[in-house]
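Every number in this text was worked out from the coordinates using simple rules, so none of it is lab data. Here the structure is a predicted model, which means the values were calculated and not measured. Using ideal geometry, Cβ is built from the backbone for each residue, glycine included, and neighbour counts are taken over all protein chains shown.
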Amino acid sequence: MTRLADLTTRGRSVRAHRPWPRTVIDAAVWRAATRRLTAGELALLGLWGEPGQVHMALLDEAAGRVAVLSLDCPDGHYPSVSAHHAPAGRLERALCDLTGLKARGAPDPRAWLDHGRWTLRHPLGAPVPAAGAAQPYVFLPAEGESLHQIAVGPVHAGTIEPGHFRFTANGETVVRLEARLGYAHRGLLARMAGADLATAARLAARASGDSTVAYGYAFARAAEAALKVEAPPRAVWLRALMAELERLANHLGDIGAICNDAAFLMMHAHCAVLREAALRANSATFGHRLMMDRIVPGGVTSDLAPDGASVLRALVGTVRERLPVLTALYDDTASLQDRTVGTGVVSTELVRRFAAGGFVGRASGRDFDTRRALRYPPYDRLEFQTPVRTEGDVNARVWIRIDEVSQSLGLVEQILERLPGGPVRRDLPAGSGEGLALVEGFRGDVLAWLRLDRGRVARAWLRDPSWFQWPLVEAAVEGDIVADFPLANKSFNCAYAGSDL
Amino acid sequence: MALIRDLAIQATQMTLVLALAPLLTGFIRKLKARLVRRQGPPLLQPYRDLMRLMKKEVVLADNASWLFRVAPYLIFAATWVAAALVPTFATGLLFSWSADLIAIIALLGSARFFLALAAMDVGTSFGGIGSSREMMIATLAEPAMIMIVFSLALLAGSTQLSSVATYMLSPHVGLRVTLGMALVALIMVAIAENSRIPIDNPATHLELTMVHEAMVLEYSGRHLAVIELAASLKLLLYVSLIACLFLPWGLAPAGSGGLALAIGLASYLGKLALAGGLLALFETAIAKMRVFRAPEFLGAALMLGFLGTLLLFVSRGGLR
């Protein structure tokens, strides 16, 4: 019996939940699960709530199994997970803001998403009109001689997403960094609740624009799981094709952008050209540069354009030709290496504890890739490697992304070669059920959960990989210098909108 | 009559540096953009930016003191005077007697002093960060500059720019190790002083990495225009200084006629273009340094200047 199955058998199983089990358990099992998280036997995938119930998604990495535990909390309280397992902290705070359910014994009672400017409190629970002015946010203290604070954002000098960063520094040395997010909150989940499937899919695709394919993909898979249907084979393969193209474009853009933060213009310019080539190929193939709304529950909305395959093969050829030159340029520029090597280090231990996915985890020795660990189709029939490094610095994250670009190129070729024929979309029954899906986006594992009630979305929840990566940014810059933060931060490139919902 | 002519040339020199400074900045920006296959802003964009800023309203922080409002003009005045003192196309100008290297360093030092003070005046964290970084750079750049001046002064027997330039033009200079070292050191100092890559990035949008830009973040309108113009002038000054000291060919000697002046002007423009091109090329091919590497960079400049002076002493037997 696996560590996870042991927990899921100690409660009432919810039949409608697919493909992994959901079990309604009592507080004792909830605490037992928390202990296993603390011990590092299980990884936390998500923590969310609805009126009167909290859900916790867990992963047994060794066995490649996922399960959801649900706890009824009629008195509006549940035993805190974050009291023993820090990665749950912000999820608990967001859960409280959205549904009003409180974690008993939580070390950090501050609000997260709700900055006191919403007209309603607990919009996903029992909404009450917000009363009183916004309370000032108290940042975590750092004590010592000659410390000073530097407040950055939420409006930045560049055109980037909004987020506030509070540094406590001693001269140039960062003693503590605390991020405050939630500025991009749009009430996505509240709008998804009660919406029809098509509208909800469109909303999910807008959680984070750079990961629109990953979100659409995860949401569609969750919806299909809930309805117990499968997308047509051609659609399954086209989805993977889009996911790899999205990864390709984002990695190419970010490799250049990281170099640009070290003021190395050449890499930025060349990578921007390649990213643009990828986006144009996307547009020519699927009719949208970012492939937004191309993946929907039931399949995909657009088949490959007639010349799509040749356009994509040309793109693969171009990138394959130029990437080694750029890699050599990156590797041979001493002034650039001087900036990236040894900057923003995250330890393997921390990455494991936070179960950080994507290149952040893989650059620090956590060999986890949803495509391999959960082997969802068509990745179970494709050949690819997951690059892993252990240094955990900016350089390692850049290299993971360079290696992933090569892997994605190979995947695109394989998919084009073996793409099955047939329809790309099927009609969906107006059924009920619950579905959970994990998909590997470019940042890491994107989780989507939803409950369908006769064809309409009753509840939905999306979890960006950045939830477990943002805290690592804070850890990575501790002891580094203030001026290196932008570079370290860019190498993580966490999502603001994706985690602000 | 000679006085009027000298006055006219000196006035030309003053207006010339002011008029050319934004063009040099625009030229470098354009070239950098072209080097990375971008279209880039038009050459004259810096002038337009200045015009736009001049027309705009000045937004002042509530707690800004008189210093904050006065500093831009002080900085501009000091930098302009310093830039006007460097012989650009002709030596032996009316104010040549005051065109002393040490005077130029002092003028730039005062400009920096007021900028750093004004940056801290409003009390934002970025101003403080910028000032502290600028001062860290200055504590090493200024001694390095002084060492360079010493070695040149020892060679030429004067710290007056016209005399040094005349000496450099004389046939008995030849190739000297000291001169090479002084040139490299001066270029390094010029890069640091002008907030160029790898010390600072003039085009960055990352607040936390800025040095010069962090100090002027709170400025707007005509104050910002004046500061920007002063920054352009400073870049022009350093290019002119390097050109005057190490490439003095074409400089019109004192009391020369129209043709010599025209040749002087043409060669000056050529030197500016050359320097701008080299700077753009260098900046494109290198990444910015970690802030704490700046002392090492400038330390090297200081050592070069020091070694240059020392070598001169030894070779001349000055220690005997």
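Some points to look at:
- Fraction of the pair-distance distribution of the stretch A:95-189 above 20 Å, Cα-Cα pairs, percent: 49 percent
- Fully extending the segment from A:ARG191 to A:ARG280 would add 28.8 nm, taking 0.36 nm per residue of separation and subtracting the current Cα-Cα distance.
- Taking chain B as a Gaussian network of alpha-carbon nodes connected by springs under 10 Å, the highest mean-square fluctuation of the residues B:HIS172, B:HIS223, B:HIS212 belongs to B:HIS172.
- Modelled this way, with points 7 Å down the Cα-to-C-beta line, the labels at A:THR318 and B:LEU175 are 4.8 nm from one another.
- Look at the stretch A:400-406: the mean tally of other chain Cβ atoms within 10 Å of its residues' Cβ atoms is 0.
- With R₀ set to 51 Å, the beta-carbon distance separating B:ALA262 from B:LEU67 gives a calculated FRET efficiency near 0.70.
- Overall shape of chain B was characterised from the C-alpha gyration tensor. The equivalent ellipsoid obtained from it has semi-axes of 31, 24, 19 Å, in decreasing order.
- Helix-only mean residue ellipticity at 222 nm for the protein assembly as shown, each DSSP H run of n ≥ 4 adding -39500 (n - 2.57), per residue, nearest 500: -17000 deg cm²/dmol
- Contour minus Cα-Cα distance for A:THR159 and A:ALA130 (0.36 nm per residue): 7.3 nm
- With q set to 0.09 Å⁻¹, the log10 of I(q)/I(0) for the stretch A:188-500, from the Debye formula over equal scatterers at the Cα positions, is -0.43.
- Each Lys or Arg adds one and each Asp or Glu subtracts one; over the other residues with Cβ under 14 Å from the Cβ of B:GLY109, this totals -2.
- Taking label positions 7 Å along the Cα-Cβ direction at both A:ARG10 and A:PHE139, the computed distance is 4.2 nm, reported to one decimal.
- With a cut-off of 13 Å between beta carbons, the residues surrounding A:THR199 carry a summed charge of +2, where Lys and Arg count +1 and Asp and Glu -1.
- Cα gyration tensor of the stretch A:344-501 - equivalent ellipsoid semi-axes, whole Å, descending: 32, 22, 12
- Within straight-line cross-link reach of A:LYS228, aspartates and glutamates at Cα separation under 14 Å, skipping those fewer than 8 residues along the same chain: A:ASP427, A:GLU434, A:ASP453
- Alpha-carbon spread of the protein assembly as shown, three principal axes, descending order, Å: 104, 59, 55
- Scattering curve values for the stretch A:1-146, log₁₀ I(q)/I(0), Debye with Cα scatterers, q = 0.20, 0.21 Å⁻¹: -1.19, -1.27
- One Cα centroid belongs to the stretch B:119-190, the other to the stretch A:446-491; the line between them spans 49 Å.
- Separation in nanometres of the label points that stand 7 Å from Cα toward Cβ, at B:LYS55 and B:VAL184: 4.9 nm
- Between the stretch A:216-267 and the stretch A:365-427, the alpha-carbon center distance in angstrom: 10 Å
- Bridgeable lysines around B:LYS288 (alpha carbons under 16 Å apart, same-chain partners fewer than 8 residues away excluded): A:LYS490, B:LYS32.
- Net +/- balance of residues flanking A:VAL398 in space, Cβ distance below 13 Å, scoring K and R +1, D and E -1: -1
- Unsatisfied cross-links (Cα-Cα over 21 Å) in the set B:LYS30/B:LYS56; B:LYS56/B:LYS234; B:LYS30/B:LYS234: B:LYS30/B:LYS56; B:LYS56/B:LYS234
- Between B:ARG5 and A:LEU329, the FRET efficiency estimated from the beta carbon spacing at R0 = 51 angstrom works out to 0.40.
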